[in-house]
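Before any comments, here is the structure.
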Amino acid sequence: MFERFTEHARHVMELAGREAQRFGNEYVGTEHLLWGLAKETHGVAAEVLEHFHVDLKPLRREMEEMLKSRPHVEDVEKLPQSIHAKEVIRHAIEEARAMHHSYVGTEHILLGMMHNSQAVAAQVLADFNLDLDAVREEVRRVVATGTASSD
């Protein structure tokens, strides 16, 4: 499923799963994906978030506090993805296709998170006053100028 994902995007997915396990959460949700994205400081998404003055350290702290408060389970080897996390991935793939990209990068995951206003990650990003259309335009600008480290 993640064949078209860049190295950085795969790393985000891996970090999300590890974080869900570390906190003993029951599933990998959008909040875990956002934590993984905030931890991956290279690539287009990091540059886009920086452009909008989203400081990743406080974002990670906020996400960590949220994850600590979730129900705790013991010894889960492979956690399922929540419905919202699956939607993020589907929207990320759609965003990549719409931009005519042959890959799915961190920027597409970021955009995918913003599609469902009911999802935790979208709500957190909205708290930073991020707007899907504005973020999409900034992604296009960064990709066109090639200023981000290879995603």
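The values are calculated or read from the model by the stated rules, or taken from the named source; none is laboratory data. Here the structure is a predicted model, which is why all the values come from computation and not from measurement. Note: ideal-geometry Cβ built from the backbone for every residue, glycine included; neighbour counts use all protein chains shown. What goes into the accessible areas is simple: the full protein's heavy atoms, side chains included, and nothing from ligands, DNA or RNA. Shrake-Rupley method; radii C 1.70, N 1.55, O 1.52, S 1.80 Å.
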Taking 7 Å along the Cα-to-C-beta vector as the label spot, tell me the Met99-Asn129 distance in nanometres, rounded to one decimal. 2.4
Let me spell out the model: positive unit charges on the Cβ of Lys and Arg, negative unit charges on the Cβ of Asp and Glu, origin at the Cα centre of the chain. What dipole size does that give, in debye rounded to 20? 180
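Return the calculated 222 nm mean residue ellipticity for the chain, to the nearest 500 deg cm²/dmol, obtained by summing -39500 (n - 2.57) across DSSP H runs with n ≥ 4 and dividing by the residue count.
Details: 8 runs with 93 residues, N = 151.
The per-residue figure over the chain is -19000 deg cm²/dmol.
Using a 1.4 Å probe on the protein chains only, how many percent of the accessible area of the chain belongs to carbon and sulfur? Walk me through the numbers before you get to the answer.
Values: 3900 of 7790 Å².
Carbon and sulfur atoms account for 50 percent of the accessible area of the chain.
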What whole-number distance in Å separates the alpha-carbon centres of the stretch 24-64 and the stretch 96-149? 12
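Find the accessible area per residue for the stretch 1-144; the probe is 1.4 Å, ligands and nucleic acids are left out, and the unit is Å². Intermediate values should be presented prior to the final figure.
Numbers: 7370 Å² over 144 residues.
Computed with neighbouring chains in place, this is 51 Å² per residue.
Determine the shape class of the stretch 81-151: with a ≥ b ≥ c the square roots of the Cα gyration tensor eigenvalues, call it rounded for a/c under 1.5, and otherwise prolate if a/b is greater than b/c, oblate otherwise. Spell out each step's value before the answer.
Numbers: a/c = 2.18, a/b = 1.37, b/c = 1.59.
Oblate is the answer for the stretch 81-151, as a/c is 1.5 or above yet b/c matches or exceeds a/b.
Please give the contour-minus-distance gain from His53 to Arg4: 0.36 nm per residue of separation, less the Cα-Cα distance, rounded to one decimal in nm. Write down the numbers at each step before the final one.
Working: separation 49, 0.36 × 49 = 17.64 nm, distance 2.89 nm.
So the extension gain works out to 14.7 nm.
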Which semi-axis lengths, in whole Å and largest first, follow from the square roots of five times the eigenvalues of the Cα gyration tensor of the stretch 1-72? 21, 17, 7
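Calculated FRET efficiency, Arg61 and Lys86, Cβ-Cβ r, R0 22 Å, to nearest 0.05? Numbers along the way, then the final one.
Numbers: r = 27 Å, r/R0 = 1.21.
For R0 = 22 Å, the calculated efficiency reads 0.25.
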Under 5 Å between amide H atoms, partner at least 5 residues away or on a different chain: which partners does Gln81 have, H built in plane at 1.01 Å? Val28
Could you name the lysines in cross-link range of Lys78, using Cα to Cα under 20 Å and dropping any fewer than eight places away on the same chain? Lys68, Lys86
Under 5 Å between amide H atoms, partner at least 5 residues away or on a different chain: which partners does Val104 have, H built in plane at 1.01 Å? Phe5, Thr6
Using each residue's phi in the stretch 50-65, evaluate 6.51 cos²θ - 1.76 cosθ + 1.60 at θ = phi - 60° and report the 3J(HN,Hα) Karplus result to the nearest Hz, with x for Gly and Pro. 4, 4, 8, 6, 8, 7, 5, 5, x, 4, 5, 4, 4, 5, 4, 4
Positive-end extreme of charge dipole, the chain - chosen from Leu56, Val142, Val88 (charges on Cβ): Val88
When the convex hull of the C-alpha atoms of the chain is computed, what volume per residue in Å³ does it have? 97
For Lys39, go through the aspartates and glutamates and keep the ones whose alpha-carbon is under 18 Å away, minus same-chain ones fewer than eight residues off. Glu7, Glu14, Glu19, Glu31, Glu47, Glu50, Asp55, Glu62, Glu64, Glu65, Glu107, Asp151
